[in-house]
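Below is one structure, written out as C-alpha cells, with a few remarks after it.
Just so you know, all these numbers are worked out from the coordinates, no wet-lab data involved. None of these values were measured; they are calculated from a predicted model. No Cβ is skipped: glycine too gets one built from the backbone with ideal geometry, and neighbour counts run over all protein chains shown.
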Amino acid sequence: MVKKQEINGEVKALIVPHAGYVYSGQVAATGFKHLNGKYDTVIVLAPSHRYPLKGASLLDVTHFETPLGEVKLSEKRKDILKENIIESIPEAHAQEHSLEIELPFLQKMLGDFELIPIVVGEVNPELLANSLIDYIDDKTLIVVSSDLSHYHTYDEAVALDVSCLNAINALDITEAVNCEMCGYYPVLTLMLIANKKNWKNEVLMYKNSGDVTGDKSSVVGYSSIAFYDEGISSEDKEFLLKLARSTIENYLKDKKVPQVDETKLSNELLKVKGCFVTLEKNNQLRGCIGHIMPQEKLYKCVIDNAISAAVNDYRFYPLTYDEFKDGVNIEISVLSVPEPLDFNSPEDLLNKLVPYKDGVVLQYSGRGATYLPSVWNQLPEKEGFLSSLCQKSGNNQDCWKKDGLKIDIYHTLEFAEEEFGLH
C-alpha cells in the first residue's frame, strides 16, 4: 500500500523497518529515497531486542563501521550523555541489529554525515523527547527503526497495522500507545517531538512479509513514514497574519488593497498555494473563504481571501470597519494539493479518514463542499462529519454512503494571531 510519493516540505524524520533486507528493504528504501534536506547529523532511535534496557543508551565511541565504510559519531554525543535518561551501555548495542541495519541506507543517500546512535529500552517517551529536542536543528535528521505487528495472519496484521498507522499519521498519542510495534518507545518519542516541532507526516508505503514471501499465515508488518516541515517560517506566518489584518482594515475603511513588494518576500510566500482565511468574533465563526486548489501566489491568496472572508461569505452579513476594530481574530490555513481518496465502501471510507488531520472535499451529484481539518473539533465523529458535509454541499445527509461519491483529502498548516500575540 502506497499513500504518497511526494512530500510537500523538507523531511525531518523517518520511521523505517529493520527486518532483513529481503523482507523489508523495499519499504525502508522508499523512506530513505525521500530524503530531500541537507543533513549534518543523524539521530537514530532503535529498540533494544536482546538486552533488558531501562532508559536509553548512546555509545561513546568515535565511529561505526559498515561494509560501505566508517560513519563518524557526532561530538554532540558528549553533551547528550549528560542527560539523566541517557547512558552509555555497550551491552545494549553488542547484538542489536535494529540500529546498524539503517546505516548503509544513510551512507548511500547522504554520503558524509555524523551519527548519534541511540538504543532505546523501556523509557518515558516524553522525558526522552525533552532530552533530545534541544539537539535537533535544521540540519538534523531523526531516523526511528521499527517494524509493526508480529506473527498474525495477513488480514489480522493489516487491520492492526492500518489502525496503528492512522494513529501515527494523526500524531494521536492516546491511540498510538495501543500499537503493536517493536519500536514502541522510539516511535512515541518521535511523535512527541513532531508535535512540538509542528511537523506533518505521510505514510509512504506499507507492506508485510506476506507480500514478499507469499506466506500469509504469520506475517510481520513494515511501513515507511516521513515527517516533514512544510517550510513556512515563523516570520512568514507573522507576515501573512499582519498582511491579512491590514488588508481587511484598509479595504473596509476605503476599499484599498495593499501593494506588496515581491522582491522583499521569501520564496515560500511566492509559491502558488491554496489557502483559507478564517475570521472569528467572540469565539464564533464570522467568515471563512479560500482557494482549495493552488491558483495564485500565497501572499496574494491571503489578500484575496481575507477580503472575501470579510465581505463575501454568504452565511454572514458583510463585516463593517467598526465591527472589525471591535475585535475579530484571524487564522490562516495553507493547504496541500488535494488528492483523491480511494475507497470501496462507506465502511472503507470511514476507516481511511484521519480525524483532525484530513481536510475533505466531497463531491456528489454535481455538488461539492469542503471542510478544513479544524472542523473535526466541532464534528469529531466521522459519520457526523461526513453527514454535515453532505448537507453543506446541498445533498442529503447520507450522500456519503452512495455510489458515485468522490472524496479528495488535503492537509493544512494552520496559524492564528493569538500564537504571535497579534490583534
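Some notes on this structure:
- Isolated cysteines in the chain, defined as those with no second cysteine Cβ under 4.7 Å, comprise CYS182, CYS288.
- DSSP-loop trypsin sites (Lys or Arg not before Pro) across the range 26-133, with at most 16 other Cβ within 10 angstrom: LYS33, LYS38, ARG50, LYS82
- The range 120-150 residues near the modelled LYS82 label - backbone nitrogen below 19 Å, point 7 Å along Cα→Cβ: 128-137
- Taking the alpha carbon gyration tensor of the chain, multiplying each eigenvalue by 5 and rooting it gives semi-axes of 42, 27, 17 Å, largest first.
- Dipole magnitude of the chain about its Cα centre (Cβ charges: Lys, Arg +1; Asp, Glu -1), debye to nearest 20: 1040
- Alpha-carbon centroids, the range 41-105 and the range 207-228: separation in whole Å: 25
- Its Cα centre serving as origin, the range 264-325 has a Cβ charge dipole (Lys and Arg +1, Asp and Glu -1) of approximately 180 debye.
- Acute angle (nearest 10 degrees) that the helix 21-32 long axis makes with the longest principal axis of the chain, alpha-carbon atoms: 40
- Most positive-pole-ward Cα, TYR317, THR278, SER393, against dipole of the chain from beta carbon charges: TYR317
- Gyration tensor analysis over the Cα atoms of the range 339-412 returns equivalent ellipsoid semi-axes of 16, 13, 12 Å (largest first, whole Å).
- As a calculated quantity, the FRET efficiency between ASN267 and GLU419 at R0 = 30 Å, using C-beta atoms, amounts to about 0.85.
- Sum of side-chain charges, LEU243 neighbourhood, beta-carbon under 15 Å (Lys, Arg +1; Asp, Glu -1): -3
- Fraction of beta bridges assigned by DSSP in the chain that are antiparallel (%, nearest 5): 70
- Largest-first ellipsoid semi-axes for the range 368-408, taking √(5λ) over the Cα gyration tensor eigenvalues, angstrom: 17, 10, 9
- Loop-located GluC sites (Glu not before Pro) across the range 319-387 with a Cβ neighbour count of 13 or fewer within 10 Å are GLU381, with loop assigned by DSSP.
- Cα-projected label distance for ASP254 with TYR151, points at 7 Å along beta-carbon direction, nm: 7.7
- Along the axis of the charge dipole computed for the range 147-303 (Cβ charges of +1 for Lys and Arg, -1 for Asp and Glu, origin at the Cα centre), the listed residues THR174, VAL162, ILE289 are led at the positive end by ILE289.
- The C-alpha atoms of the range 36-134 occupy a region whose extents along the principal axes are 32, 29, 23 Å, arranged from largest to smallest.
- Ranked by the mean number of other Cβ atoms within 10 Å of their residues, highest first, the peptides 247-254, 173-180 fall in the order 247-254, 173-180.
- Counting only DSSP beta bridges with both residues in the range 10-229, the antiparallel share comes to about 50 percent.
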